[in-house]
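What follows is calculated from the coordinates using simple rules that are stated; it is not laboratory data. On a predicted model such as this, the values are computed, not experimentally measured, just so you know. Cβ placement follows ideal geometry from the backbone for every residue including glycine, while neighbour counts extend to all protein chains displayed.
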Amino acid sequence: MNRTFTRRSFLKTASFSIAAAASARSRLLADDSTCAPLEEFHYGDVQLAPGPALTQFEHTQSVVLQMNVDSLLKPWRLRAGLPAPGPNMGGWYDEVPWRYTASGWQGFAPGHAFGQWISALARGYAADHDPAKRHKIEEILAGYGPAISGRFYANFRFPAYVYDKTVCGLIDANAFCALDPDFSLLNRTTDAAEPHLPPHALDRDKPQLEWRASIGENTSADYGWDEPYTLPENLFLAWHRGAGDRYQTMAARFLLDETYFDPLSEGKNVLAGHHAYSFCNALSSAMQTYLSNGSAKHLAAARNGLEMIESQSYATGGWGPDEAFRDPQSDDIYRSLADTHHSFETPCGSYAHFKLTRYLLRVTGDGQYGDSMERVLYNTVLGAKPLLTDGTAYYYSDYNFHGSKFYHSDKWPCCSGTITQVAADYHILIYFRDWQGVYVNLYLPSRLNWTADNGAMVKLTQSGSYPYEGQVSLDLTASRPAEFALRLRIPGWAQNSTDNGAQLHVNGAPLPVEVSKGFATIARTWKDGDRIDLTMPMPTRLVPIDVRHPNTVALMRGPLVLFALAENPLVSREQLLAVKRANDGTWRSGELQFKPFVEIDDERFTTYVNVRSV
């Protein structure tokens, strides 16, 4: 979709309340050059070029398109007491007594990814306008309407968890497919779910059963936890998209302020012991609170929270071994290299990480959040094993000294839902805009289409050898000359490089590279046929697991972690830093071979190696 881009339309359509947020923003962001958050482009404004991102997007969309509609609706129909034809989906998704089978747990969270798959198809339709996707959602929603019932959420293990994802799917179907235009399905879903939701945000890691007892529901131990504190993001989005004020009120009700956002906003690290994915995901609720009412506290909580997460992250950008945050002052992350193969809950964790860094990049205009997004993209989720049509899903990245890529033992786990949303969202991570021009955030082969302020139809086509080498080319076509700024993200590792730094050329002529907040700006009148060439150094460096273990290091080149295809080798620093790319596309240093994550298949590998002490 080609959308008119003017300052007036930008300020009119940005998804936040400028009036509500103005005073807090001026206090907290006084040093920022942006007067308003950057705007996302529409999914359809960006076309992915052939490569791993497009392959993952097309594959995950295909898996959802093949799903049996009766199977998707079966948990909803059974719990509503309706006829429920069709086979079970299997795994977590089924409405059966929770039990362990030969293919893992079955019945753990009936209907859990229903909304995520609707959301993914809606975003996919927004990206490529494939009518089969809209038709599939239409068919699903036609069957879902009669099955909406409070009985679904009564004595249900995770009412808030499933309601949250269903809200996301319904508001995306509305926004991107013009389905449920009056939000009747959303409102009926909320009417059904609300009596079974807790009165306020409950900490997942501190189970509380009193509220269940108060409404006469199951109080057994495995019913004592849920994830209502992740709800505000989607409830605020429902309100922004016109569903009504009840969603703004509900969103505020589920903010986990006292034990989470309040201390985070004050710089107190309370992450340790919390479930990693959901508590990172909750930081997007903090960002939506800021965008909705200008709460400086919640913006500070999100910024500080991400900084604290990064302080305990692996070199890949992944975090949360065995799904728990750790004390960064402890040796827990180091010990995890030998103690677990469940290092990072990859599709779910990357989804939470991308949303949070996208919000923070939009609000601050700071390229450090693009750096963080890029690190997770290339070194984790882009290399996930593909989702299979029987529900076999990739779940954990393995950073053990004896690592491998493997599927989760359960069918249709939570990551089978988030991977479909992650892949659709690649379209909105690459480029952003403000009233002055366009930000190029990720260097993924793609094409951006938009209409400039003077009505010029502009296309920006991105190609190059990045991230394997440092060359990026941007070719511009325009129906008439147009004046705007292009801002290109220069990663921190490139700015800090001793290899002469980044170089820019426009139509072959060199330009000085002046970096502000992680971006180099080229402001000029652009014409058809203009070409921008960006060349970045690709420094090779060693990143220790933590300051207490400086001899346990990951090898990085540019944005990529290079994984050693050996199990816990002992090498020298000089040997690692001498790594060179071989003719077969791998990297080698002596007999030791390395690959980036996206190119590893069934090989054994290690993320970190031990180097000899000097």
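Summing +1 for each Lys or Arg and -1 for each Asp or Glu, what net charge is found among the other residues whose Cβ lies under 9 Å from the Cβ of GLY273?
Working: positive: ARG326; negative: ASP205, ASP327.
Computed value for this residue: -1.
What is segment 452-535 by shape, rounded, prolate or oblate, if you read a ≥ b ≥ c off the alpha carbon gyration tensor as root eigenvalues and call it rounded for a/c under 1.5, prolate for a/b larger than b/c, and oblate otherwise?
Details: a/c = 2.29, a/b = 1.79, b/c = 1.28.
Taking the square roots of the gyration eigenvalues as a ≥ b ≥ c, segment 452-535 is prolate.
Search the structure for amide H atoms under 5 Å from the amide H of GLY367, placed 1.01 Å from N in the peptide plane, and list their residues when 5 or more places away or on another chain.
Distant-sequence amide H within range of GLY367: GLY518, PHE519.
Assuming R0 = 35 Å, what is the FRET efficiency of ASP262 and HIS341, from their Cβ-Cβ distance, to the nearest 0.05?
Working: r = 36 Å, r/R0 = 1.01.
With R0 = 35 Å, the Cβ-Cβ based efficiency is 0.50.
Which entries in LYS136/LYS385; LYS133/LYS405; LYS133/LYS297; LYS133/LYS206 show an alpha-carbon gap greater than 29 Å?
Working: LYS136/LYS385 25 Å; LYS133/LYS405 31 Å; LYS133/LYS297 40 Å; LYS133/LYS206 40 Å.
Correct reply: LYS133/LYS405; LYS133/LYS297; LYS133/LYS206.
Under a point spin-label approximation (7 Å from Cα along Cα-to-Cβ), what is the ARG447-LYS459 distance to one decimal in nm?
0.4 nm
Dipole magnitude of segment 452-535 about its Cα centre, charges +1 at Lys/Arg Cβ and -1 at Asp/Glu Cβ only, in debye to the nearest 20? Each step should come with its number before you reach the end.
Numbers: 8 positive and 9 negative charges, 41 e Å.
Charge dipole, segment 452-535, about its Cα centre: 200 debye, nearest 20.
Of the options ALA520, ALA485, ALA456, report the single residue whose Cα projects farthest towards the positive end of the charge dipole of segment 452-535 (beta-carbon charges: Lys, Arg +1; Asp, Glu -1).
So the residue furthest toward the plus end is ALA456.
Could you compute the net charge surrounding TYR378? Neighbours are other residues with a C-beta less than 15 Å from the C-beta of TYR378; K and R count +1, D and E count -1.
Within the 15 Å Cβ shell, the charges total 0.
Determine, for HIS135, HIS275, HIS353, the number of other Cβ atoms within 10 Å of each Cβ, and report the residues in order from fewest to most.
Values: HIS135 14, HIS275 19, HIS353 31.
Ordered from fewest to most neighbouring Cβ atoms within 10 Å, HIS135, HIS275, HIS353 come out as HIS135, HIS275, HIS353.
Could you compute the net charge surrounding VAL579? Neighbours are other residues with a C-beta less than 15 Å from the C-beta of VAL579; K and R count +1, D and E count -1. Intermediate values should be presented prior to the final figure.
On the way: positive: ARG541, ARG557, ARG573, LYS580, ARG581, ARG588, LYS595; negative: GLU469, GLU574, ASP584, GLU591, GLU599.
Every neighbour counted, the sum reads +2.
Highest mean first, what order results for 243-252, 359-368 on Cβ atoms within 10 Å? Don't skip to the end; give the middle numbers.
Details: 243-252: 17.1, 359-368: 22.6.
The densest-packed peptide leads the list: 359-368, 243-252.
Sort SER416, SER479, SER350, SER313 so the one with the fewest other Cβ atoms within 10 Å of its own Cβ comes first.
Working: SER416 31, SER479 14, SER350 28, SER313 20.
By the 10 Å Cβ count, ascending, the order reads SER479, SER313, SER350, SER416.
Show me the ranking of peptides 393-403, 117-127, 580-590 by mean Cβ neighbours inside 10 Å, starting with the highest. Could the numbers behind the result be given before it?
Working: 393-403: 22.2, 117-127: 27.0, 580-590: 12.6.
Highest-to-lowest ranking by the protection proxy: 117-127, 393-403, 580-590.
Please report the equivalent ellipsoid semi-axes of segment 7-433, computed as sqrt(5 x eigenvalue) of the Cα gyration tensor, largest first, in whole Å.
29, 26, 24
When only C-alpha pairs under 8 Å and at least 6 residues apart count, what is the relative contact order of the chain, in percent? Working shown, then result.
On the way: 1303 pairs, mean separation 88.2, N = 614.
Computed value for the chain: 14 percent relative contact order.
Using unit Cβ charges (K, R positive; D, E negative) and no other charged atoms, how large, in debye to the nearest 20, is the dipole of the chain about its Cα centre? Mind dumping the intermediate values first?
On the way: 56 positive and 67 negative charges, 194 e Å.
The dipole of the chain has a size of about 940 debye.
For the chain, with the dipole built from +1 on Lys and Arg beta-carbon atoms and -1 on Asp and Glu ones, taken about the Cα centre, which of GLY508, LEU235, PHE41 lies farthest toward the positive end?
GLY508
Within 10 Å of each residue's Cβ, count the other Cβ atoms and sort THR389, THR189 from fewest upward. Present the calculation step by step, with values, prior to reporting the outcome.
Details: THR389 10, THR189 24.
By the 10 Å Cβ count, ascending: THR389, THR189.
Of the listed peptides 333-344, 299-310, 421-432, what is their order by residue-averaged count of other C-beta atoms within 10 Å, with the highest listed first? Please report the intermediate quantities before stating the final value.
Details: 333-344: 18.8, 299-310: 21.8, 421-432: 24.2.
Output ranking for 333-344, 299-310, 421-432: 421-432, 299-310, 333-344.
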